[in-house]
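Structure first, commentary second.
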Amino acid sequence: MADCLSLRQALRVSVVVHYSLTLNNQLTDIAHLNESIESFSIRAGLNQRLSLQMKVVLDEIVGNIIKYGFTDNRNSSGKINVEIAISSDTLILIVTDNARFFNPLTQSRPDLSSNPENRELGGLGIYIVGKIMDEMQYQRIDGKNVLTLSKSIPDESVSGDRPDSKTI
Amino acid sequence: MKVILTYTESILVAQFNGSLDTVTAPEAETQLMNKVDEGAKFIVIDFGMTEYIASSGLRVLLKLSRTLKKQGGRVSLCRGNQQVQEVLEISGFLQIFEHFPTLEEAMNSVTMA
């Protein structure tokens, strides 16, 4: 599957903790996503701050796909796959969808120099994502949008023992 | 997410128990704008029970603020957790909204010209 390939390509190293979830193109499915982020964070020993940052990032990305990606075929089988992985102290999020072609990285940045009260807010979500995550990469693979986001995990974000070298 | 609206004299305090995100922002917007239609002018957004805020939540704050400003009203924010404050900071919202550590400070500030 393209998802697995892209994950391996992105990591190039062994995955310590890995979680994968497929959502339908319905906003209510974001609740399932948030539950998954919580259970993943507990398993991986991540603190609440990083867990909340993941929720914000994935809300922006997945919410955008659901709201705008499937507008041409609202009733068709829109699927969004979210993978969360940790490898070598890096958090990696991969969002794959079969919506129409959309590269969020080419969205124009909101003009932060002007007073936000007067500006339009297009691109604000992806801007926030870019500030929280360290790197973003977009690929079109096999007719799917694949967005790979990574962030090095600050030392203080990990609590307790993290399982080593095994996939759970 | 649950919206709790409390009036203290002329100030409306709005609390969001949960998150202000893509799913919940439309409901928050409806409830707040209904109160504006009913005449609320000074609104304190109390994030004390809010887990996180995303850009969809920020848009609600902005719409609320723009509408109230036209009517001589105002919005103040308070008690956001680290994540809430981080998103407000990143997005430039702290340039137009005042965020206070306590509800009391936000309530004192919101009615001041």
Next item on the list: Scan around A:L46 for amide H atoms under 5 Å from its own, H built in the peptide plane at 1.01 Å from N, and keep only partners 5 or more places away or cross-chain.
Entry: A:S159
Margin query: Tell me the total accessible area that A and B bury against each other, 1.4 angstrom probe, in square angstrom rounded to 100.
Written below: 2300 Å²
Next item on the list: Run the dipole for chain B about the Cα centre, Lys and Arg Cβ at +1, Asp and Glu Cβ at -1, nothing else charged, and hand back the magnitude in debye, nearest 20.
Entry: 400 debye
Margin query: A drop of at least 30 square angstrom in accessible area, chain alone versus all protein chains together, probe 1.4 Å. Which residues of segment A:47-62 meet that?
Written below: A:R49, A:L52, A:K55, A:V56, A:D59, A:E60
Notebook entry, point to check: DSSP beta bridges in segment B:2-110, what fraction antiparallel, as a percent rounded to 5?
Noted result: 35 percent
Item checked: Value in Å of the Kirkwood radius, where segment B:68-113 supplies the Cα pairs that are averaged -> 11.2 Å
Notebook entry, point to check: Averaged per residue, what accessible surface does the protein assembly as shown expose to a 1.4 Å probe, in Å²?
Noted result: 47 Å²
Check: Rounded to the nearest 500, what is the protein assembly as shown's calculated 222 nm mean residue ellipticity when only DSSP H runs of at least 4 contribute -39500 (n - 2.57) each, over all residues?
Finding: -11000 deg cm²/dmol
Notebook entry, point to check: Across segment A:140-152, in residue order, what do the Karplus-derived ³J(HN,Hα) couplings come to in whole Hz, using 6.51 cos²θ - 1.76 cosθ + 1.60 with θ = phi - 60° and x for Gly and Pro?
Noted result: 9, 10, 6, x, 10, 7, 10, 10, 10, 10, 9, 8, 6
Next item on the list: Output ³J(HN,Hα) for segment B:42-52: one whole-Hz value per residue in order, computed from phi by the Karplus curve 6.51 cos²θ - 1.76 cosθ + 1.60 with θ = phi - 60°, and x for Gly and Pro.
Entry: 10, 10, 9, 8, 9, 8, x, 10, 9, 6, 7
Checklist line | B:F42 long-range amide H proximity, modeled H, under 5 Å | finding: B:L12, B:R74
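For the protein assembly as shown, would you read off the P(r) tail past 27 Å as a percentage of all alpha carbon pairs?
Roughly 42 percent, rounded to a whole number.
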Notebook entry, point to check: Ignoring ligands, DNA and RNA, what percent of the accessible area of the protein assembly as shown is carbon or sulfur (1.4 Å)?
Noted result: 47 percent
Next item on the list: Go through segment B:80-102 and flag every residue whose accessible area shrinks by 20 Å² or more with all protein chains in place compared to the isolated chain (probe 1.4 Å).
Entry: B:Q82, B:Q83, B:E86, B:V87, B:I90, B:S91, B:F93, B:Q95, B:I96
Notebook entry, point to check: For chain B, what is the convex hull volume of the alpha-carbon atoms per residue, in Å³?
Noted result: 86 Å³
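The values are calculated or read from the model by the stated rules, or taken from the named source; none is laboratory data. All figures in this text were calculated on a predicted structure; none of them were measured in a lab. FYI the Cβ positions are ideal-geometry reconstructions off the backbone, even for glycines, and counts take in every protein chain you see. These area figures cover heavy atoms from the full protein model, side chains too; ligands, DNA and RNA do not enter into them. Shrake-Rupley method; radii C 1.70, N 1.55, O 1.52, S 1.80 Å.
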